[in-house]
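What follows is one structure encoded as structure tokens, with my remarks underneath.
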Amino acid sequence: MVFSSLTFLVFFLPVFLLAYFAVPKKYMNVRNFVLLIFSLFFYAAGEPVWVVLLLFSASSDCLIGIFMEKCQGRWQAKALLIVSLCCSLGMLVLFKYTEFLLGLVGINVTVAPGLPIGISFYTFQTMSYSIDLYRGRIKAQRNPVAFLTFVAMFPQLVAGPIIRYADVEKMITYRETNKTMISRGISRFVMGLGKKIIFANHAGLVANELLGSPYSSTLAVWLGTLMFMFQIYFDFSAYSDMAIGLGRIIGFDFRENFNYPYISKTVTDFWRRWHISLGTFFREYLYIPLGGNRKRAVFNIMLVWLVTGLWHGASLNFIIWGMYFGVALLVEKYLLRRWLEKLPVFVGHAYCMFIVWYGWLLFYFTDLSQLLSASARFFGFGGQFADYRAIELLLANLWILPVFAIFSTRGPLRILNNLRTRLPVSEPIFNFGLLCICFILLIGQTFTPFIYFRF
């Protein structure tokens, strides 16, 4: 099940909210149970068999955490942490990377018919819980319903943002909801829905047509990659918006996952703004423990980006993508930083967007032969510069490219916030109008899952 579906919007969400708010807030454990049951149903609607894996992962870490706290400060605590991490990483490697690793040595085997949806997200959440518990930053959660709710809550279960237990520890046991939070949550959800249905889906259709052609011209690759660049931003940030909005409606305050990354003027700044929860996870649990900037900084950065690439998918192109950005960050850190600080903002922005633009081409093609061919076209080698279909799609989308660019900045939200402050009645009117547009478009659209579902 996905947020941008009529099934979710018309049936699941209204029934859930009625059941959830029918329980008085003083019975928070009952509310958690309602949230857990609906979350498991939400997950099972897409992958019923993998619910068992999700429950096993969460239950084992909950139990291990209780014993780990009892052994705090002794060698047994470290042993239990290792067991927890091995279980989590073991499941991730088994279901996500086994076929890829064996394929590198010529062994073709099918481990599972499909990748468990959201496994990369919820395993990282349980890992952060175990590590923070071992470090003494949090207390063990002894209520299995509360812990399973943390892991499985449907707003962020399958595509993030990655929620650390330390950030929601108090909200799990007590959370306040009021009219302001619910209103802001609805607005955030509806805006995310609009970004997905109106912007991301259109950009994806154009990108797939242009990049899916075996006879793509240079213009086709340029425009196709540009459209994918907008698609992946609007798609993933839309899911984060909807997750944050739903969280606010039921009393959770999730951290932001995107901060307008396409306004960046350096690659370093871009990755501080893109998928913030993943970057925070790797910084807190990998980069800093390895030594950070204090020792072997170059090695640490490249290792983090190798893992970042692999996290996104079991394919060589994701490794190349990770290494590409690792090198770009090192070049900025040690060679270009002083120069970039002196350059005009628009020059730095153009440089950053070019690096990111080509990076999304590396991300798009999982087939290396197609990647090499598209890369050659991107830089003007091989084939023609333009073809009829690419020119036709460029002319048809000339009006929407500036719209995509504008909605990738803070401008529209500032205007909306000013309007909301001056004229409060404009908020529900805007939400209703946007929701109607989304419903109309959904009726005529085919199923379009979020890109990050496959990670």
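The values are calculated or read from the model by the stated rules, or taken from the named source; none is laboratory data. Computed from a predicted model, the values in this text were never measured in an experiment. Methodologically, a virtual Cβ is constructed for each residue, glycine included, from the backbone with ideal geometry; neighbour enumeration extends over all protein chains shown.
Hey, any hits in the stretch 241-252 for a residue that's assigned to a loop (DSSP other than H, G, I, E, B), modelled with pLDDT under 95, assigned by TED's automatic domain parsing to the domain that holds Gln384 and in contact with a Gly (Cβ under 7 Å, 6 or more places away or on another chain)? Break it down into steps so the answer makes sense when it comes.
Within the stretch 241-252, the subset assigned to a loop (DSSP other than H, G, I, E, B) is 250-252.
Filter again for modelled with pLDDT under 95, leaving 250-252.
Going one step further and asking which of them are assigned by TED's automatic domain parsing to the domain that holds Gln384, we end up with 250-252.
Still in the list and also in contact with a Gly (Cβ under 7 Å, 6 or more places away or on another chain): none.
Within the stretch 241-252, not a single residue is assigned to a loop (DSSP other than H, G, I, E, B), modelled with pLDDT under 95, assigned by TED's automatic domain parsing to the domain that holds Gln384 and in contact with a Gly (Cβ under 7 Å, 6 or more places away or on another chain).
When the residues of the stretch 350-373 are filtered to those that are closer than 15 Å to Ala207 by Cβ and polar (S, T, N, Q), which remaining residue is farthest from the chain's Cα centre (by Cα)?
Step by step, filter the stretch 350-373, then rank; the result is Gln370.
Which of the numbered conditions does Gly380 fail, given that it passes all the others? Conditions: (1) surrounded by 15 or more Cβ atoms within 10 Å (Cβ to Cβ); (2) of a type outside the set (S, T, N, Q); (3) not in a helix (DSSP H, G or I).
(1)
Surrounded by fewer than 12 Cβ atoms within 10 Å (Cβ to Cβ), in contact (Cβ under 8 Å) with a residue 40 or more places away in the chain and in the same structural domain as Ile319 (by TED's automatic domain parsing): does that describe Val345?
Values: surrounded by fewer than 12 Cβ atoms within 10 Å (Cβ to Cβ): yes; in contact (Cβ under 8 Å) with a residue 40 or more places away in the chain: yes; in the same structural domain as Ile319 (by TED's automatic domain parsing): yes.
In short, yes.
Filter the stretch 229-240 down to the residues that are in contact with a Gly (Cβ under 8 Å, 6 or more places away or on another chain) and either closer than 22 Å to Arg414 by Cβ or without any contact (Cβ under 8 Å) to a residue 60 or more places away in the chain (or both) and list them by number. Before the answer, list the steps.
So in the stretch 229-240, the residues in contact with a Gly (Cβ under 8 Å, 6 or more places away or on another chain) come out as 231, 235, 237-240.
Scanning the stretch 229-240 gives Ser237, Ala238, Ser240.
Against the definition (out of contact with any Asp or Glu (no Cβ under 9 Å at 6 or more places or on another chain), without any contact (Cβ under 8 Å) to a residue 12 or more places away in the chain, in a helix (DSSP H, G or I) and not small (Gly, Ala, Ser)), how does Ile288 come out, yes or no?
Numbers: out of contact with any Asp or Glu (no Cβ under 9 Å at 6 or more places or on another chain): yes; without any contact (Cβ under 8 Å) to a residue 12 or more places away in the chain: yes; in a helix (DSSP H, G or I): yes; not small (Gly, Ala, Ser): yes.
So Ile288 fits the description; yes.
Residues to consider are Val298, Val331, Val307; find the one that is among the aliphatic types (A, V, I, L, M), surrounded by fewer than 19 Cβ atoms within 10 Å (Cβ to Cβ) and either assigned by TED's automatic domain parsing to the domain that holds Met171 or free of Cβ contacts under 8 Å to residues at least 12 places away in the same chain (or both). Walk me through how you get there before you give the answer.
Details: Val298 fails: either assigned by TED's automatic domain parsing to the domain that holds Met171 or free of Cβ contacts under 8 Å to residues at least 12 places away in the same chain (or both); Val307 fails: either assigned by TED's automatic domain parsing to the domain that holds Met171 or free of Cβ contacts under 8 Å to residues at least 12 places away in the same chain (or both).
Being among the aliphatic types (A, V, I, L, M), surrounded by fewer than 19 Cβ atoms within 10 Å (Cβ to Cβ) and either assigned by TED's automatic domain parsing to the domain that holds Met171 or free of Cβ contacts under 8 Å to residues at least 12 places away in the same chain (or both) holds for just one of Val298, Val331, Val307, which is Val331.
If we scan the stretch 269-278, do we find a residue that is without any contact (Cβ under 8 Å) to a residue 60 or more places away in the chain, aromatic (Phe, Trp, Tyr) and in a helix (DSSP H, G or I)? Break it down into steps so the answer makes sense when it comes.
Our first condition is that a residue be without any contact (Cβ under 8 Å) to a residue 60 or more places away in the chain; within the stretch 269-278, this holds for 271-274.
Checking which are aromatic (Phe, Trp, Tyr) leaves us with 271, 274.
Remaining after also requiring in a helix (DSSP H, G or I): 271.
Among the residues of the stretch 269-278, at least one is without any contact (Cβ under 8 Å) to a residue 60 or more places away in the chain, aromatic (Phe, Trp, Tyr) and in a helix (DSSP H, G or I), which makes the answer yes.
Being among the aromatic types (Phe, Trp, Tyr) and closer than 24 Å to Ile64 by Cα is the requirement here; does Tyr97 meet it? I'd like the intermediate steps shown before the answer.
Working: among the aromatic types (Phe, Trp, Tyr): yes; closer than 24 Å to Ile64 by Cα: no.
Criteria not met by Tyr97.
Restricting the search to the stretch 385-417, which residues are of a type in the set (D, E, K, R) and in contact (Cβ under 8 Å) with a residue 60 or more places away in the chain? If you could, list the steps in order and put the result at the bottom.
Within the stretch 385-417, the first condition is being of a type in the set (D, E, K, R), and the residues that meet it are 387, 389, 392, 410, 414.
Passing the criteria: Asp387, Arg389, Arg410.
Kindly indicate the residue of the stretch 210-223 that is out of contact with any Phe, Trp or Tyr (no Cβ under 8 Å at 6 or more places or on another chain) and in a helix (DSSP H, G or I) and also surrounded by the fewest Cβ atoms within 10 Å (Cβ to Cβ) among those meeting that condition.
We begin by selecting, within the stretch 210-223, every residue out of contact with any Phe, Trp or Tyr (no Cβ under 8 Å at 6 or more places or on another chain); these are 210, 212-216, 220, 223.
When the remaining residues are screened for being in a helix (DSSP H, G or I), the result is 210, 220, 223.
Details: Leu210: 25, Ala220: 27, Leu223: 23.
For the stretch 210-223, the residue satisfying everything is Leu223.
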